[in-house]
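Working notes, beginning with the structure itself.
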Amino acid sequence: MTDSFVQLGQVSVHTTQNKGHDPEFWAEMITNKICDISAEAAPHIREQALQFKKHIYVIILNGMKSAIESDRVTIVGLLNSQGHSDMAKIIKEL
């Protein structure tokens with residue numbers, strides 16, 4: 001029988017109270033997974049990488065906000081079509 005171990009890598013926990021995480025949180029988490037900048041990179045390379053990372057963050061954030069808005073429009077339409085205009089109004093105001 002062989003001993004084997006599973007390595008998960010780095011695990012982190014981020015909590016909120018009475019709400020989920022906002023798009024800015026998720027955009028930052030995703031950006032950090034996509035763009036990792038070496039501490040040993042030459043200063044000019046590091047600066048370029050930091051600017052690229054900021055650009056990626058904005059692209060992800062805008063995409064996430066658009067997806068959230070699109071999903072809400074879909075939900076509002078579905079609720080309205082099923083006669084739940086009161087619930088649709090609440091969702092629309094979020």
In nm, to one decimal, how far is the modelled label at I75 from the one at I90, with both set 7 Å along Cα→Cβ? 1.1 nm
Just to be sure I understand: with springs between alpha-carbon atoms less than 10 Å apart, which residue in A39, A49, A67 has the highest mean-square fluctuation in the Gaussian network model of the chain? A39
Heavy atoms of H14: accessible area, 1.4 Å probe, square angstrom to 10: 90 Å²
Loop-located chymotrypsin sites (Phe, Trp or Tyr not before Pro) in the range 1-80 whose Cβ has at most 11 other Cβ within 10 Å (DSSP): F5
Identify all aspartates and glutamates with a Cα-Cα distance to K89 below 17 Å; exclude those on the same chain that are fewer than 8 residues away in sequence. E69, D71
If you line up the long axis of helix 23-34 against the longest principal axis of the chain, both from Cα atoms, how many degrees apart are they, to the nearest 10? 30 degrees
Phi to ³J(HN,Hα) by Karplus 6.51 cos²θ - 1.76 cosθ + 1.60 over the range 82-94, Hz, x for Gly, Pro: 9, x, 9, 5, 5, 5, 4, 5, 4, 4, 5, 7, 5
Charges at C-beta only: +1 for Lys and Arg, -1 for Asp and Glu. How large is the resulting dipole of the range 48-94 about its Cα centre, in Debye rounded to 20? 260 debye
Per DSSP H run of at least 4 residues, take -39500 (n - 2.57); add these up for the chain, divide by its residues and hand me the 222 nm value, nearest 500 deg cm²/dmol. -22000 deg cm²/dmol
Pairing the Cα long axis of helix 43-81 with the longest principal axis of the chain, what angle in degrees results, from 0 to 90 and rounded to the nearest 10? 20 degrees
When the solvent-accessible surface of protein heavy atoms is calculated with a 1.4 angstrom probe, in what order do T74, T31, T15 fall, highest first? T15, T74, T31
Of V6, V11, which has the most accessible area with a 1.4 Å probe, and how do the rest follow in descending order? V6, V11
Is the shape of the chain rounded, prolate or oblate, going by the alpha carbon gyration tensor and its root eigenvalues a ≥ b ≥ c, with a/c under 1.5 for rounded and a/b larger than b/c for prolate? oblate
So how exposed is D22, as accessible area in Å² (1.4 Å probe, rounded to 10)? 60 Å²
Dipole-positive endmost among S81, F5, Q51 within the chain (Cβ charges, Cα centre): S81
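When only C-alpha pairs under 8 Å and at least 6 residues apart count, what is the relative contact order of the chain, in percent?
23 percent
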Unit charges on C-beta of K, R, D, E only; dipole of the chain, Debye: 240 debye
If I take R0 = 22 Å and measure r between the Cβ atoms of R46 and Q10 in this structure, what FRET efficiency does the formula 1/(1 + (r/R0)^6) give, to the nearest 0.05? 0.55
Ranked by accessible surface with a 1.4 Å probe, highest first, in what order do V76, V58 come? V58, V76
Neighbourhood charge, 15 Å Cβ-Cβ cut-off, centred on R72 and excluding it, Lys, Arg +1 and Asp, Glu -1: -1
Spatially proximal lysines relative to K54 (Cα-Cα < 25 Å; intrachain offsets below 8 disregarded): K33, K65
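The values are calculated or read from the model by the stated rules, or taken from the named source; none is laboratory data. Quick caveat, the model's predicted, so the values are computed rather than measured. Every residue, glycine as well, gets a Cβ built from its backbone with ideal geometry; the counts of neighbours run over all protein chains shown. With ligands, DNA and RNA removed, areas are computed over all heavy atoms of the protein, side chains included. Shrake-Rupley method; radii C 1.70, N 1.55, O 1.52, S 1.80 Å.
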